[in-house]
Amino acid sequence: MAFYHPLLFRIDAERAHRLTIGMLGAWGGAGAPFAPTFASPRLATRVAGLDFANPVGLAAGVDKDAHAVDGFFALGFGGVEVGTLTPLPQPGNPRPRLFRLPEDRAVVNRMGFNNGGLAKALPRIRSARRHGTLGINVGANKDAVDRVADYVHGVATAAPYADYVTINVSSPNTPGLRDLQHGAALRDLLAACDAAKGATPLFLKVAPDLDPTSIDDIARAAIDHGIDALIVGNTTVTRPDLKSANGRETGGLSGGPLAPLARQRLSDFRTATGGKVPLIAVGGIDSGAEAYARIRAGASLVQLYTALVYEGPGLATRMLRDLDALLARDGFASVAEAVGT
């Protein structure tokens, strides 16, 4: 990722991403202003027992190692989710592994949970000025002998420092990881992580590439094990019609072309859960109108990633203004009133 700028788009996508995170980290570290970029009582909401100043959040994967938490909060996000963080540092997959698809306003990545490890990120997380809700997204190392043990370690270690912890079993770029979304493997994982989280809310992030039987099974497991929210979803390995040559790269597709699938999966999980588990919508959200549509379809919160690449750092503020106007237009006094209507 890199916020749109002609110079950034002239350099390798991953290097541009690192530069962007570095600039935001320096800005936040220098005391970026934390007066809300846009605030409205209508936008405040409560999900999983947590208070969010607004429903627009930053998705995991943007700031994997928590280098720019202060900077992202200063952009107006009501929630920032860092990670995915694994117990041990790992380099991820070989480069190049991040590709822009400008003709499609999309990105393909096959990063592979590259991160410096949970232990190195925790001091930065601990020292961040929390002007919003902070989530920590955890995963398993690629070569882990016992992946459930990796998740349990991640949840137990992150929980004291997070407002919520997300178990990420949705990445397509770690072989076999998505198998943990199904059947007994998922139930064993949820039971073990529930025992490790203490009082910290536990979220589950699932992929959009699921069939109806899997959706029903995940929904039942989430309800049975008291999962506090479902994040629906991540990138897709499917390929709709794309204009960019980079669309042929292997990995997960995100951005505008993902929106129809992401909308459908949100609707599917709303039906499967019967509204018993809060849903967080991710995938192809690039405007206040789209965020509002996802909320009306059942999302309590939304998260952004790829749209920032093309819309720039002012996107969150623009979305909040538009979302507030749409809520007012339709007579809703709060986000919560609009969810699932």
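The values are calculated or read from the model by the stated rules, or taken from the named source; none is laboratory data. This one's a predicted model, so the numbers in the text were calculated from it and none came from an experiment. Cβ coordinates were reconstructed from backbone atoms using ideal geometry, including for glycine residues, and neighbour counts include every protein chain displayed.
A few points about this structure:
- In region 159-179, the residues that are in contact (Cβ under 8 Å) with a residue 24 or more places away in the chain reach residues that are in a strand (DSSP E or B) and acidic (Asp, Glu) with C-beta atoms within less than 8 angstrom, at least six apart or across chains, in these pairs: Thr166/Glu81.
- In region 158-202, residue farthest from Ser254 (Cα to Cα) [restricted to those that are of a type in the set (Gly, Ala, Ser) and crowded, with 20+ Cβ neighbours inside 10 Å]: Ala159
- The residue pairs whose first member lies in region 47-70 and is on the phi > 0 side of the Ramachandran plot, whose second member is part of a strand (DSSP E or B), and whose beta carbons are closer than 6 Å, counting only pairs six or more residues apart or on different chains, are Ala48/Ala229; Ala66/Val82.
- Flag for Val80 being within 19 Å of the chain's Cα centre (by Cα), assigned to a loop (DSSP other than H, G, I, E, B) and modelled with pLDDT of 95 or more: no
- Residue under evaluation Ala297, criteria (1) under 27 Å from Thr236 (Cβ atoms); (2) of a type in the set (Gly, Ala, Ser); (3) in contact (Cβ under 8 Å) with a residue 60 or more places away in the chain, criterion not met: (3)
- Scanning region 209-249 for residues that are of a type in the set (Gly, Ala, Ser) and assigned to a loop (DSSP other than H, G, I, E, B), we see that the one that is nearest to Ile285 (Cα to Cα) is Gly233.
- Restricting attention to region 283-341, the residues that are of a type in the set (Val, Ile, Thr), in contact with a helix residue (DSSP H, G or I) (Cβ under 9 Å, 6 or more places away or on another chain), outside any loop (DSSP other than H, G, I, E, B) and closer than 14 Å to Asn54 by Cα total 3.
Yes/no per residue for (1) in contact with an Asp or Glu (Cβ under 9 Å, 6 or more places away or on another chain); (2) at pLDDT below 95; (3) under 16 Å from Gly61 (Cβ atoms):
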| residue | (1), (2), (3) |
| --- | --- |
| Thr133 | yes, no, no |
| Ala144 | yes, yes, no |
| Ala149 | no, no, no |
| Asp163 | no, no, no |
| Val169 | yes, yes, yes |
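- Answer residue from region 304-341, given it is small (Gly, Ala, Ser), within 21 Å of the chain's Cα centre (by Cα) and crowded, with 18+ Cβ neighbours inside 10 Å and is farthest from Ala13 (Cα to Cα) among those: Ala316
- Residues considered: Leu266, Leu242. Of these, the only one that is buried (at least 23 other Cβ atoms within 10 Å of the Cβ) and aliphatic (A, V, I, L, M) is Leu266.
- The combined condition, being among the aliphatic types (A, V, I, L, M), crowded, with 21+ Cβ neighbours inside 10 Å and either at pLDDT below 95 or out of contact with any strand residue (DSSP E or B) (no Cβ under 6 Å at 6 or more places or on another chain) (or both), is not fulfilled by Leu58.
- Arg270 being closer than 25 Å to Phe52 by Cα and without any contact (Cβ under 8 Å) to a residue 60 or more places away in the chain: no
- Of all residues making up region 111-157, the number that are of a type in the set (Asp, Glu) and either crowded, with 21+ Cβ neighbours inside 10 Å or part of a helix (DSSP H, G or I) (or both): 1
- The listed residue being among the small types (Gly, Ala, Ser), out of contact with any Cys (no Cβ under 6 Å at 6 or more places or on another chain) and modelled with pLDDT under 80, out of Gly22, Gly31: Gly31
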